[in-house]
Structures are given as structure tokens and as C-alpha cells.
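The values are calculated or read from the model by the stated rules, or taken from the named source; none is laboratory data. Everything numeric in this text was worked out from a predicted model, so none of it was measured. Here the Cβ positions follow ideal geometry from the backbone for every residue, glycine too, while neighbour counts run over all protein chains shown. Side chains are part of the model used for accessible areas, which takes the heavy atoms of the whole protein and leaves out ligands, DNA and RNA. Shrake-Rupley method; radii C 1.70, N 1.55, O 1.52, S 1.80 Å.
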Amino acid sequence: MASCETTKFPTLRTPSGDLPTDAPGWNPQRPSAMPHHRYQPVHDRVALPLVDRTWPSRRIERPPLWVPVDLRDGNQALAEPMDTERKRRMFDLLVAMGFKEIEVGYPSASRTDFDFVRHLATSGAVPEDVTVSVFTAARRDLIDRTIASIEGLPRTVVHLYTATAPVWRDVVLERSRSEVHGLIRDAATYLMRRAEERPGADIRFEFSPEVFNLTEPDFVLEVCNSVTELWEACPDRPVIHNLPATVEVATPNVYADQIEYMDRHLARRASVILSVHPHNDRGTGVACAELALLAGAQRVEGCLFGNGERTGNVDLVTLALNLYAQGVNPMIDFSDIDAVRDVVEHCTRLPVHPRHPYGGALVHTAFSGTHQDAIAKGMARHTKHAAEQGVRADEAVWAVPYLPVDPGDIGRTYEEVIRINSQSGKGGVAHLLRTHHGLDLPKAMRPDFSRAVQETSDASGQELSHKDLWELFRTTYIGPAQDGPVELVSWSTTETGPGAHRFACTLHIDGQERHVQGSGNGPLAALTDALGTAGIAVDILTYAEHATTTGPGSHAISYAECRVQDTTCWGAGLDTSLLAASVHAVMAAVNRAERSRP
């Protein structure tokens, strides 16, 4: 193997600081030169008053109310925002999947968003049991525009937001706590008055203290309770308080503590729907949402596959299917995950990563030999157990290694589960041949074929399909029966007595034709005796056979491991006649052995 020169990375600074005095001997990592001191821990930025948390001991046993924000928050994060056609396609997908509350736009922010809300209001696209949500900042002119957009929609949620965190108050709004609270009360009052001007419409209210997770808990509580009272919330007409991790800044347990604190202390708790809207800046948006549900959240806003500003909103696909994998009905349909992904990719013009949880093209695919072997064994046992229980395989309890959900449940084919490259093993190869071609290779033969597969894949550097595997098997083990140094021109076998057989044949060896015969206690024993008279010593070490399909006309496959002189090789034969298949298997092994001689 050729040696490789060391690659240089001139822009990187390999950490070289002094080892910490308390570092254990097994940890040689050194401090880097990156200025970590510029950043404050979340505990120094916001008070976290909860010390007697209860959420760690809870379980999620039912789904929240899912609210996809793909058409608003996700859309505003796109380099090319969706037009009405794409928005409508996304909306129709969300309805078909079973979402009952959908945020459809920020109508005061752009003409496109306003026009789409009007399209929904005038086209009859909104089903009777679906509520449309629209988003607005806490300004009277923007509220007016928002109210105008929803004219004609029978059920709406108007989502009012204002940033409340200290940095946003100081830098963006340039207002004190009391001034921000006054701004929110004024906007909330104005929104309620405008809604009262439409007595026939069902308009509910939502409030988001933006950057909740960096806002003082007492201030959030003060503002939310004030809005709850102002909007006259009651159990029959609850308000929604949405508490977003607008920029994710801490470990998920911190967000859970903040949510549990609000869950415990919100006034008129039975009149409040506690909602969360996690972002993914630290890559733990899903964990934040799950822990928030444990902490008392009842509603989750997010996007399909996690699209959104910066690193994205929380991923509703992953969240919902995480529940599904725990035996909880998510109340959203993912029975064709690829159709969902195709629409999202079309509408957003963004690809879904092939390793994205559940929805990526490769998430159910195993290339590793050990993984393939475990999956193949698991699926075989699953089928067996289902039959023993008298139920269909797609109804039996799922317990297959490496596959947290049955790919078939979300519309995936089992062809995608095991795919073959140079890393693949004998279990995966055998699984594909059995699944697609009806070949159940003897266990002793599998390592031999696996080596042939690995050599082929290493040479090409490419993945092999199940059709490629079949062709490789055919040319390696079946073809040599008809194409080799020992040609079986013709043959016949007869039973000469109880347990006695004679095999007569014409062989073409080294350019010469020879007529030989042999005898034995079975046709194959007689065949090897005949070959011995021609100077070819053959011992059959292993033999197996089976039908490749059920019903009349099925082909039989035979496998024979033979020691020919001092060389051991496998051969296989395929024929509608089991006897012919077995003869061809022996001859294939003979020719493979003869070819391998120096």
C-alpha cells in the first residue's frame, strides 16, 4: 500500500495549553486557544428558580396538539419563499396528515403571505375541523392588516408576539420591563377589540413572549398572567401561551425546568394551553420539546423535518415518530414518509438529509455486515413469531435489532433495509438472495460467497443491488457446471436395485471425449464414482437443496461442497428437476476446483 503524506491544516490551531491540574491520566486533551471566556453560562444570564422539579419521573403517554409552522416560520427562513401554489400544496399535505391547527402566514409582513391567507379564506380549502393561525407583532397597524386578512375564515388563532428578554429589550426595543409590559397590554387590548368587531367569527388568541428562555421567569409570569386576565380566558375559551426557546442556549433540562415553573405558577391554569416552540441552535430542539412535554407543555409548534431560521425549528416528524416508536399514537399520519418528504423538498427547495431521523433515504439501510446479520435474523424471527401467534407480520409486536420502527409502517420497502457494499457481511447477502431470489444458502456456504461479494465490491467501489448479487452468484456457482475444463456432455442414471444406482455419462476432458460410468447408493454417489474412473477424485462434503418458490413448476436449487483432489469448492445447480440440479451442483464444484489449480 502506498504511503500517504501528512495533510497540513494551516488555519487550525491544535490545542496546546497546559493540561488542567485536575485532569485524569487517561484524558490528554489540552485547552484550545478559542476565546470561550466571552460567553456566559445560561445560569449567569437568567434566574432558574425551580429546585424541586418533577418532570424527570414522568412519561409521555399522549401526543400534544401539533401546530406546524412551515408556512410561516419555516417559510420566512427560505432563500426562496414559497409562492401561493407551493404554500397551498404544503397546506394540503398538512391537512391530509391530520394536523388540526396550522399556522399559515405572517400576513402583515408580505403581500404573498396576505394573499395566501385570503386564498384560504375564499377558496374553501380549510376543512371544518381545521383552525388557521396567523402571526403578528404587537403593533396596531400590523394587527389591523392581520384582522383584514382573516375576513371570511370561520376559525382562527391570532398569534401575538413581542420579545421580552433583557438583551432584546435593551438592544431591539430600547424599553424597560414596565414599558414592554405596557406595549404588550396595549396590543393585546387592541387585538381583542378588533376581534369583537367580528361577532360571528371564532377568533382565539395566542401570546408568545419571544426569547422566553432568556427572560426573567417572574417577568414572563407577570406578563402572561396579565394577558390571560385581559383576554378573559376560561376553560371553554382558553388562551395559548407559547413559550419559545427562540435561540437555544442551554441543555434541554434547563428548558424543562422553565416550562415546569410556568406550568405550576400560571394563573387560571385550566384556561391556558401551554405551548412550546423550540429552535435547534444547540442541536437539541427535539430533546427540548420532549422534556417540555414531560414538564407540562400541551402544544408544540415546529416544522416538518425541522426547517427554520438558523439551525431550524423543532422537527415534528422526529417528535411524532419518537412517540410512535414508544407505542403512543401520534394522531398524525406518516404511513408514506417518502411522499411527505417529497412534498416538503418541493415546497421548500431544500433537501432532507439522507440520514435524517425516520425520513432520510438511508435511515433504515444497513451496509455493515454485523448490522445486516442482526437485522436479517431479527426479521426472520419476527415473521416466525407472528405465524406462531396467528397474526400477520405487520400486526405483531415489533422487536428487530437496529430498526426502532418497522419500515413498512411508514411506507418503506424492505429492499432499502439491507444494501450491499464492501463493508457488508454474509448475513445481509444471504438475506437479499433469500428475499428476492428464493435462495436459502447453507450457512457453511455464506462466508465463501461473502468473500466473492466483497472482492467484487472492493474492485468496483460501488454498491451491489440484489440483481447484481444474483448475477454474481450465478456466474460464480451455477455457470461453471456448463463452462469449465470438465464438460458433462450427456448423462443418465438408473436404479439397479434397492439402494443401488448406476450413473453413465459422456465427459469432455482436455479435448478428449470419454464415456464412463459408476455405481453407488444414490445418484450422486454413482456420479462421483464415475468421475473417479475418469481420474477425478471427488468427495461430497456438504449437500443441501430446496425449492425456490412454491407451486408446480418451481425450480429446485442444489448446493454441493466438494473436495476435488486436494481442493475444496462450492457449486450450485438450478433446474426444474431436483436430480438435474444436484448433478449440476457437483459438476460446478468440480470445474471451480479444476480452474483453481496452478
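Screening residue 363 against (1) in a helix (DSSP H, G or I); (2) crowded, with 16+ Cβ neighbours inside 10 Å; (3) aliphatic (A, V, I, L, M) leaves a single unmet condition, (1).
In the stretch 273-287, the condition of being within 16 Å of residue 184 (Cβ to Cβ) and assigned to a strand (DSSP E or B) is met by no residue.
When 219, 212 are checked against the criterion of being free of Cβ contacts under 8 Å to residues at least 60 places away in the same chain, of a type outside the set (D, E, K, R) and closer than 21 Å to residue 66 by Cβ, 212 stands alone in meeting it.
Kindly indicate whether any position in the stretch 537-544 is open to solvent by 10 Å² or more (accessible area, probe 1.4 Å), under 45 Å from the mean Cα position of the chain (by Cα) and not hydrophobic (A, V, I, L, M, F, W, C). So far as the stretch 537-544 goes, yes, one or more of its residues are open to solvent by 10 Å² or more (accessible area, probe 1.4 Å), under 45 Å from the mean Cα position of the chain (by Cα) and not hydrophobic (A, V, I, L, M, F, W, C). Considering each residue of the stretch 63-75 in turn, none proves to be open to solvent by 80 Å² or more (accessible area, probe 1.4 Å) and in a loop (DSSP other than H, G, I, E, B).
Scanning the stretch 148-172 for residues that are open to solvent by 70 Å² or more (accessible area, probe 1.4 Å) and not in a loop (DSSP other than H, G, I, E, B) yields 167, 170, 171, 172. Quickly run through the stretch 23-51 and pick out the residues that are of a type in the set (Lys, Arg) and within 25 Å of residue 253 (Cβ to Cβ). If the condition is that a residue be of a type in the set (Lys, Arg) and within 25 Å of residue 253 (Cβ to Cβ), then 38, 45 are the ones that fit.
Note on the stretch 218-239: among residues that are among the charged types (D, E, K, R) and in a helix (DSSP H, G or I), the one that is surrounded by the most Cβ atoms within 10 Å (Cβ to Cβ) is 222.
Residue under question is residue 246, and the condition is that it be hydroxyl-bearing (Ser, Thr, Tyr) and closer than 20 Å to residue 139 by Cβ; does it hold? Against the criterion (hydroxyl-bearing (Ser, Thr, Tyr) and closer than 20 Å to residue 139 by Cβ), residue 246 qualifies. Test residue 53 against the stated conditions and say whether it is exposed (fewer than 10 other Cβ atoms within 10 Å of the Cβ), in contact (Cβ under 8 Å) with a residue 60 or more places away in the chain and either out of contact with any helix residue (DSSP H, G or I) (no Cβ under 7 Å at 6 or more places or on another chain) or in a loop (DSSP other than H, G, I, E, B) (or both). Criteria not met by residue 53.
The listed residues are 349, 341, 299, and the only one of them that is surrounded by fewer than 19 Cβ atoms within 10 Å (Cβ to Cβ) and either at negative phi or in contact (Cβ under 8 Å) with a residue 12 or more places away in the chain (or both) turns out to be 349.
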